[in-house]
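One structure is given here, and the rest of the page talks about it.
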Amino acid sequence: MTLPYLPYNSWKDTRITIHLILQIIGKIRLAIMPRKNHWWYVTEYVSIAGFSTHPIPMNDGLNTFEITLNVHKKMVQFKNSKGEYREILLQDGYSVGQFYTDSMAILKGWGVTPKFINKPLDMGVEKPFDEISEFHHYDWASIHTFWQMMLWNDGVLKEFSGLFYGKTCPVHIYWHHMDLTVTRFSGKLAPPMDVNARILEKDAYSHEVISFGFWAGDDNMPEPAYYSYTFPAPPKLKKEPLKPKSAFWMDANGSPMAMLKFGDIINSKDPRNEVLNFLESAYQAGAKCAQWEVEDYKVPPLNAF
């Protein structure tokens with residue numbers, strides 16, 4: 001099996017375009033879904049077609065709608081439980097601003113009027129969505145490869161998620177950084193964050209966590225990679241061993257983050273096992289240093305009941 005690989009710098013304009021579109025779709029879900037702990041209600045999901053919101057309630061309380069960025073059909077699809085369907089073709093020259101305007105018009109026609117901050121989050125783009133005309137790029141070969149990477153890693157993270165018996169979030173995409181993630185919780189409250197911290201961080205880190213994920217990269221790590229961090233970061237965490245040998249610790253805003261480059265495992269004999277070993281080693285490091293009750297969270301075999 002040859003795993004798909006997409007160099008970070010090979011699709012910059014397309015990556016930003018798709019990221020902005022996923023932020024718009026994600027903010028629609030944020031505005032309408034009932035709240036769930038730790039922002040689990042705002043996320044998106046890898047699907048057989050591309051990237052999906054899963055069902056979102058409509059105003060009548062009886063129906064739902066779903067938005068999917070379909071990488072096969074090169075479009076964004078809007079479907080609802082009443083059988084109504086709309087689509088937006090994503091072709092070079094079709095701007096993020098036009099996508100925002102057309103999406104809001106489709107939803108308004110269904111009686112859905114989501115209210116949210118009409119600006120990208122932490123992307124360095126300060127314009128409102130409807131004024132973004134400079135991003136209109138769709139390299140579909142790269143988008144398809146990105147989706148394939150996310151699809152494969154969605155399965156790996158779901159397997160890893162099933163190895164923990166405590167509170168765990170679904171495997172989902174946070175459109176903030178466009179990362180695929182799963183988080184484990186110790187059940188203990190974390191120390192209160194600084195009063196000036198954003199509500200985003202205050203709700204995300206209200207409890208102790210060890211988080212794991214995969215993303216296409218950023219300017220600090222300009223290539224696809226896996227990561228794991230423990231919050232609050234315990235002392236001596238970065239001295240703990242990681243697997244495989246190519247994994248390493250790096251500083252992330254003053255805290256240790258375990259890293260494994262996707263490029264370092266795709267040619268190994270068993271890349272899935274390499275990733276699972278990395279995730280488990282990062283968990284054991286964080287759980288040991290943060291004094292989690294590791295034995296309590298082990299998944300028992302079914303014949304143990």
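The values are calculated or read from the model by the stated rules, or taken from the named source; none is laboratory data. Just so you know, these numbers come straight off a predicted model, no measurement behind them. Heads up, the Cβs are rebuilt from the backbone with ideal geometry, glycines too, and the neighbour counts pull from every protein chain shown. Note: accessible area is taken over every heavy atom of the protein model, side chains too, but ligands, DNA and RNA are not part of it. Shrake-Rupley method; radii C 1.70, N 1.55, O 1.52, S 1.80 Å.
Filter segment 91-107 for residues that are assigned to a helix (DSSP H, G or I) and among the polar types (S, T, N, Q); which is surrounded by the most Cβ atoms within 10 Å (Cβ to Cβ)?
S103
State all residues of segment 110-126 that are surrounded by 11 or more Cβ atoms within 10 Å (Cβ to Cβ) and without any contact (Cβ under 8 Å) to a residue 12 or more places away in the chain; if no residue qualifies, say none.
T113, K119
Kindly provide the set of residues from segment 61-90 that are farther than 25 Å from I143 by Cβ, open to solvent by 80 Å² or more (accessible area, probe 1.4 Å) and of a type outside the set (K, R), ordered by number.
Residue satisfying the conditions is L62 alone.
Residue-wise test of (1) open to solvent by 10 Å² or more (accessible area, probe 1.4 Å); (2) aromatic (F, W, Y); (3) not in a loop (DSSP other than H, G, I, E, B).
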{"site": "I18", "(1), (2), (3)": "no, no, yes"}
{"site": "I21", "(1), (2), (3)": "no, no, yes"}
{"site": "K27", "(1), (2), (3)": "yes, no, yes"}
{"site": "Y41", "(1), (2), (3)": "yes, yes, no"}
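Does F262 count as of a type in the set (F, W, Y), modelled with pLDDT of 95 or more, within 27 Å of R15 (Cβ to Cβ) and within 19 Å of the chain's Cα centre (by Cα)?
yes
Considering every residue within segment 288-302, establish whether at least one is within 30 Å of R35 (Cβ to Cβ), modelled with pLDDT of 95 or more, surrounded by 21 or more Cβ atoms within 10 Å (Cβ to Cβ) and within 19 Å of the chain's Cα centre (by Cα).
no
Looking for whichever is aliphatic (A, V, I, L, M) and buried (at least 20 other Cβ atoms within 10 Å of the Cβ) here; the options are M221, M250, M259. Which one fits?
Testing whether each residue is aliphatic (A, V, I, L, M) and buried (at least 20 other Cβ atoms within 10 Å of the Cβ) leaves just M259.
Say whether the condition of being polar (S, T, N, Q), open to solvent by 30 Å² or more (accessible area, probe 1.4 Å) and in contact with a helix residue (DSSP H, G or I) (Cβ under 9 Å, 6 or more places away or on another chain) is met by at least one residue in segment 181-191.
No, segment 181-191 contains no residue that is polar (S, T, N, Q), open to solvent by 30 Å² or more (accessible area, probe 1.4 Å) and in contact with a helix residue (DSSP H, G or I) (Cβ under 9 Å, 6 or more places away or on another chain).
Of all the strands (runs of 3 or more DSSP E) wholly in segment 162-257, which have at least 2 residues that are under 26 Å from P120 (Cα atoms) and at pLDDT 95 or above?
172-174, 179-189, 207-215, 225-231
Does P300 qualify as being closer than 14 Å to L163 by Cα, not polar (S, T, N, Q) and not in a helix (DSSP H, G or I)?
In short, yes.
Taking segment 152-170 only, how many residues are touching a helix residue (DSSP H, G or I) at 6+ places or on another chain (Cβ under 9 Å), open to solvent by less than 20 Å² (accessible area, probe 1.4 Å) and more than 19 Å from K298 (Cα to Cα)?
Qualifying residue count, segment 152-170: 1.
Across segment 265-283, what is the total count of residues that are under 26 Å from N9 (Cβ atoms), surrounded by 16 or more Cβ atoms within 10 Å (Cβ to Cβ) and not β-branched (V, I, T)?
So the answer is 3.
Assuming M149 fulfils every condition listed in (1) open to solvent by 30 Å² or more (accessible area, probe 1.4 Å); (2) closer than 21 Å to Y226 by Cβ; (3) in contact with a helix residue (DSSP H, G or I) (Cβ under 9 Å, 6 or more places away or on another chain) apart from one, which condition is it?
The one condition M149 does not meet is (1).
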